[in-house]
Structures are given as C-alpha cells and as structure tokens.
Amino acid sequence: MHILYLDDDPRMESTLRRIVRRHGHSFEFCTSIQTCKAAVTQTPPDLLLLDLGLGQESGLDLIEWLATTKQRVPVAFLSGYGDDLLDTAQRIAKARGIEVRGLISKALLVNDLIPLLNPLPSPELPAAVSASAVPQNPSHHNPPFDATQLAERLNAGALEPFFQPIISLVDGRPCGVEVLARLRLADGSLLEARDFIPLAETANLIDALTQDLFDKIIALRERLRALDLNFLSVNLSRFTIEQPHATELLQTLVTGLNGCCRVQVEITETWARHDRQVLRDFAARAQLMGASLAIDDFGTGYASLRNLAELPFNFLKIDLSFVSEMFDSIKAMTVLMAVIGFGQRLGLKLIAEGVETEAQRDLLFRAGLDLAQGYLFGRPSSIETLEELCMQSQFCIDHGVILHSLE
Ligand code: C2E
Ligand code: CA
Ligand code: CA
C-alpha cells in the first residue's frame with residue numbers, strides 16, 4: 001500500500017513513517033495542501049492520512065479539492081482536537097462522497113492507526129450480499145424522464161410491487177414485508193422508488209400510482225397468504241393523505257387483501273409534524289379499518305416528541321442513517337440508544353431500517369429491538385424471490401436451525 005500523510009507538524013513524520021514501514025507499506029509525507037495535491041495527482045495513494053488542523057489551512061480544504069476533482073482517494077483523519085471534530089469532519093467528507101476509512105485521535109495515534117494498516121478494512125457486507133449482487137447501475141436521483149413519460153410508463157403497466165422482508169430478530173423469521181414501488185423502463189431495467197416517486201408526487205400522478213400498486217398487491221393475495229406474514233407495510237405519500245379519498249384508497253387494499261395479512265401504513269416523520277389534524281383523522285380511520293400505522297424514517301424529521309406521542313402510531317421505524325452510523329462514534333451510538341429508549345417508553349414496536357451487517361443486527365437485538373429490515377436479510381425483490389426467502393427460513397426453523405444465531 002502507498003500511504004500519503006499530510007500534516008503541518010513535521011515532528012509527526014518520523015513516528016508515522018516508522019509505523020507504516022514496519023507494516024510493509026510505502027510512505028510519503030507533505031506539510032502543505034499544495035504539495036499534497038501534487039503528490040495525489042502524481043501517485044494516487046491507497047490511503048491518505050489527513051491532519052485536520054494545518055495552521056492557516058485545514059484538512060477540509062483538501063477534502064473539498066478531492067471531491068471537486070473527483071479523486072477517489074480513501075482518507076483517514078487525524079486530529080488533536082478531540083472526537084467531536086473528527087466526527088464532524090467524517091460527516092462532511094462522507095457527504096461529499098469521500099470514503100473515510102478511520103478517525104485517528106493523535107492522543108491514541110498508534111492504537112487507531114494499526115488496524116488501518118493491517119490490513120485495510122473492507123466494507124462489512126454479509127455473505128448473502130456479495131459485491132456482484134449489488135446493483136451496478138448507481139441510482140440516479142434525477143429521474144431520466146419527465147412527467148409525460150412517467151404517465152406513459154404507468155399506463156403501460158410498468159409499475160411493479162417489490163417486497164423487502166422485515167425480520168424478527170428473535171428467530172430470524174420474516175414477520176412482515178414492506179412494499180416498495182419499482183418502475184420497469186422500456187429497456188427492461190428497473191428504476192428505484194427514490195428515482196420516480198418524487199416526480200409522481202409533483203406531477204399529481206401519485207394517487208393513480210398508489211391505486212395501481214394496491215391493485216397489483218391484491219392480485220398477489222393468495223401467494224402472500226401462503227407466506228403467513230403478520231403484516232404488509234405500504235408507504236403513503238402525504239399528497240395522498242391530504243386528499244379526502246385517502247381512506248377509501250386504503251380501504252380498497254384492506255378489503256382486497258381479505259385478511260391475508262394486516263395492512264400497515266408508513267408515514268414519514270417529516271410529514272407527521274405538518275398537519276396534525278389531517279393526520280390524526282386519517283390515522284383514526286385507518287385504525288378503525290384494522291390497519292396499523294408506522295412512523296417512517298424516525299429521527300430525521302424533527303417532529304416534536306409531543307406531537308409524535310399524541311398520534312396513534314403502533315410502529316416506529318428507525319431511520320437507516322442511525323443504523324449505518326451507529327459504530328462511527330460514541331455520540332452516534334448514544335443518539336441511537338436514546339431513539340430506541342424513546343420508542344420503547346411510548347410502548348411502540350420498533351423496526352430498525354437499513355441493517356447491513358451482523359454487528360449492527362446483534363447490537364440492535366441486545367438493545368431490545370424486535371424487528372429489522374435491510375440488505376443483510378434481503379433486498380427489495382420480486383414476489384418469487386420473497387417466496388424463496390420465506391421458504392428457506394421456514395426450512396431452517398422446521399429443522400431446528402436458528403437462521404440468525406444471536407447467542
Ligand atoms: P423508505 O420507505 O424509507 O424505504 C426504504 C428505502 O431504503 C428503500 O429505497 C430501500 O430499497 C432502501 N433500503 C432497504 N434496505 C436497505 C439497506 O440495508 N441499506 C440501504 N442503503 N438502503 C436500504 P427505495 O425503494 O428506493 O425507496 C425510497 C423511498 O421511496 C422509500 O423510502 C419511500 O419513502 C418511497 N417509496 C417507495 N415505494 C413507495 C410507494 O409505493 N409509495 C410512496 N408514496 N412512496 C414510496
Ligand atoms: Ca417506508
Ligand atoms: Ca424509511
């Protein structure tokens with residue numbers, strides 16, 4: 001590995017050079033941003049050790065440059081200013097698309113650095129989600145088409161319900177599914193929800209889309225019944241809930257599923273703080289027809305806790321950003337534990353979103369979470385893949401093999 005180290009304090013050089021060389025890597029040192037840029041351009045390092053405080057300059061200036069010049073160089077931050085600054089720098093870098101491999105407190109230099117050198121950590125992915133299974137087309141957040149084309153695709157029947165399992169952390173059994181909309185494009189590729197739902201909302205197509213999705217879910221009723229799920233969760237846009245016919249729309253799904261599983265409606269926290277009157281009315285009607293309610297993306301919407309406590313929610317879905325950042329810092333972990341404690345004290349059932357690693361799963365289980373969802377257990381998939389997954393898990397339970405041993 002080639003390690004490049006930027007620090008305005010030359011006394012650090014010899015210490016680091018010794019450690020890096022002892023681990024069999026090559027080492028280059030610079031004391032200014034300008035020389036560091038030249039070094040990166042000439043030989044892009046495998047790891048850039050970046051001091052945050054550089055006299056008049058700051059390591060963040062280099063991050064800015066790496067991002068704007070699209071240099072794919074992984075970094076590890078060093079600082080003598082404490083964990084908070086390291087944590088903040090990491091957030092800034094990640095938001096700019098820079099991979100952060102580690103945070104090194106200068107006070108704990110040797111302990112923090114060795115794991116990065118010996119060997120470089122690879123992103124922790126479960127065996128079931130190998131790199132080849134990760135979709136290769138990065139999702140484009142700007143839809144590549146306009147409202148007319150979206151309407152055409154919807155009319156052509158190109159909307160597909162995908163299902164992501166929600167797993168009991170106690171026995172590894174799929175207890176429920178979340179339905180996530182997908183759009184099949186003319187070339188056969190699939191568009192993820194985040195790439196067309198916002199357009200559907202602004203182009204006034206969301207109600208038609210939701211109705212179409214519900215009809216397609218209902219058409220799969222008997223196959224869903226065979227999976228013996230406790231609940232099926234759907235996302236309802238606030239644009240839909242604001243309409244007087246929102247409850248009618250939901251009723252078509254509840255009636256159409258004919259008791260094959262309980263319907264759960266997910267409403268994002270951002271929306272939950274807006275019109276409490278409308279939401280309370282919708283929530284009461286939904287519960288009266290036998291549906292349950294979940295706060296989605298909990299922790300991101302800044303709804304007042306009192307607001308949330310007053311609304312009749314049954315489930316709380318902890319946003320995936322808390323889960324993905326839980327091991328980043330003690331602060332991130334503390335916030336996650338506070339969110340879990342809040343939900344538990346209100347008597348809500350908790351679902352962790354975005355669980356990708358066994359370490360995340362195990363800690364959430366120990367923190368008392370019942371349910372989890374994420375790539376570790378299964379990506380959103382067609383009904384066929386969901387059926388296979390449920391069958392495998394049933395097989396393991398029938399034969400006394402606990403799928404996800406948490407002992
Ligand atoms: P959401 O409800 O928070 O859905 C979870 C999103 O996280 C999904 O993206 C899912 O594919 C993704 N996800 C699941 N597990 C993991 C994981 O382990 N790691 C990571 N990084 N991501 C994971 P998707 O399908 O693109 O949906 C994006 C958003 O679009 C949804 O966020 C939801 O708000 C909205 N949406 C999806 N389907 C519908 C729908 O039918 N109607 C409405 N109104 N909104 C929908
Ligand atoms: Ca959701
Ligand atoms: Ca969510």
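The values are calculated or read from the model by the stated rules, or taken from the named source; none is laboratory data. What you see is a predicted model; the values in this text were computed from it and never measured. For neighbour counting, all protein chains shown are included, and Cβ atoms are generated from backbone atoms with ideal geometry for every residue, glycine included.
Which is aliphatic (A, V, I, L, M), more than 16 Å from ligand 1 (Cβ to nearest atom) and farther than 13 Å from Gly172 by Cβ, of Leu348, Leu386, Leu364, Leu369?
Leu348
If we scan region 267-274, do we find a residue that is over 28 Å from Leu336 (Cβ atoms), within 16 Å of ligand 2 (Cβ to nearest atom) and under 27 Å from the mean Cα position of the chain (by Cα)? Let's see the steps before the verdict.
Start the filter on region 267-274 by keeping residues that are over 28 Å from Leu336 (Cβ atoms), which leaves none.
Within region 267-274, none of the residues are over 28 Å from Leu336 (Cβ atoms), within 16 Å of ligand 2 (Cβ to nearest atom) and under 27 Å from the mean Cα position of the chain (by Cα).
Would you check if there is a residue in region 62-69 being at negative phi, surrounded by 15 or more Cβ atoms within 10 Å (Cβ to Cβ), aromatic (Phe, Trp, Tyr) and at pLDDT 85 or above?
There is no residue in region 62-69 that is at negative phi, surrounded by 15 or more Cβ atoms within 10 Å (Cβ to Cβ), aromatic (Phe, Trp, Tyr) and at pLDDT 85 or above.
Would you check which residues across region 191-216 are over 29 Å from Thr255 (Cβ atoms) and in contact with a helix residue (DSSP H, G or I) (Cβ under 7 Å, 6 or more places away or on another chain) and list them?
The answer is Leu199, and nothing else.
Out of the residues in region 224-247 that are modelled with pLDDT of 95 or more and part of a helix (DSSP H, G or I), which is nearest to the chain's Cα centre (by Cα)?
Filtering first and then ranking leaves Leu224.
Failed condition for Leu336, given (1) within 17 Å of Val355 (Cα to Cα); (2) of a type in the set (A, V, I, L, M, F, W, C); (3) out of contact with any Leu (no Cβ under 9 Å at 6 or more places or on another chain); (4) more than 16 Å from ligand 2 (Cβ to nearest atom), with all others met?
With (1) within 17 Å of Val355 (Cα to Cα); (2) of a type in the set (A, V, I, L, M, F, W, C); (3) out of contact with any Leu (no Cβ under 9 Å at 6 or more places or on another chain); (4) more than 16 Å from ligand 2 (Cβ to nearest atom) applied to Leu336, the lone miss is (3).
Could you pull out the residue among Arg194, Arg182 that is outside any loop (DSSP other than H, G, I, E, B), within 10 Å of ligand 1 (Cβ to nearest atom) and touching a His at 6+ places or on another chain (Cβ under 8 Å)?
The conditions single out Arg194.
With respect to Leu336, is the statement that it is touching a helix residue (DSSP H, G or I) at 6+ places or on another chain (Cβ under 8 Å) and farther than 15 Å from Asp297 by Cβ true?
The answer is no for Leu336.
Does Leu48 meet the test of being assigned to a strand (DSSP E or B) and in contact (Cβ under 8 Å) with a residue 12 or more places away in the chain?
Answer is yes for this residue.
Answer yes if at least one residue in region 204-220 is out of contact with any strand residue (DSSP E or B) (no Cβ under 7 Å at 6 or more places or on another chain), loosely packed, with under 14 Cβ neighbours inside 10 Å and modelled with pLDDT of 95 or more, and no otherwise.
yes
For region 296-333, give me the residue count where each residue is among the β-branched types (Val, Ile, Thr) and modelled with pLDDT under 90.
Of the residues in that region, 2 qualify.
Suppose we keep only residues that are of a type in the set (Ser, Thr, Tyr) and touching a strand residue (DSSP E or B) at 6+ places or on another chain (Cβ under 6 Å) within region 1-40. Which one would you say is farthest from Ala67 (Cα to Cα)?
By that ranking, first place goes to Ser26.
For region 290-348, list the helices (runs of 4 or more DSSP H) that sit wholly inside it and hold at least 2 residues that are surrounded by fewer than 17 Cβ atoms within 10 Å (Cβ to Cβ); which are they?
On the way: elements: 305-310, 320-324, 330-345.
Once the helices (runs of 4 or more DSSP H) in region 290-348 are filtered for at least 2 residues that are surrounded by fewer than 17 Cβ atoms within 10 Å (Cβ to Cβ), what remains is 305-310, 330-345.
Pro121 fails exactly one of the following numbered conditions: (1) modelled with pLDDT of 95 or more; (2) under 30 Å from Ser79 (Cα atoms); (3) not aliphatic (A, V, I, L, M). What is the number of that condition?
Just one mismatch for Pro121, condition (1).
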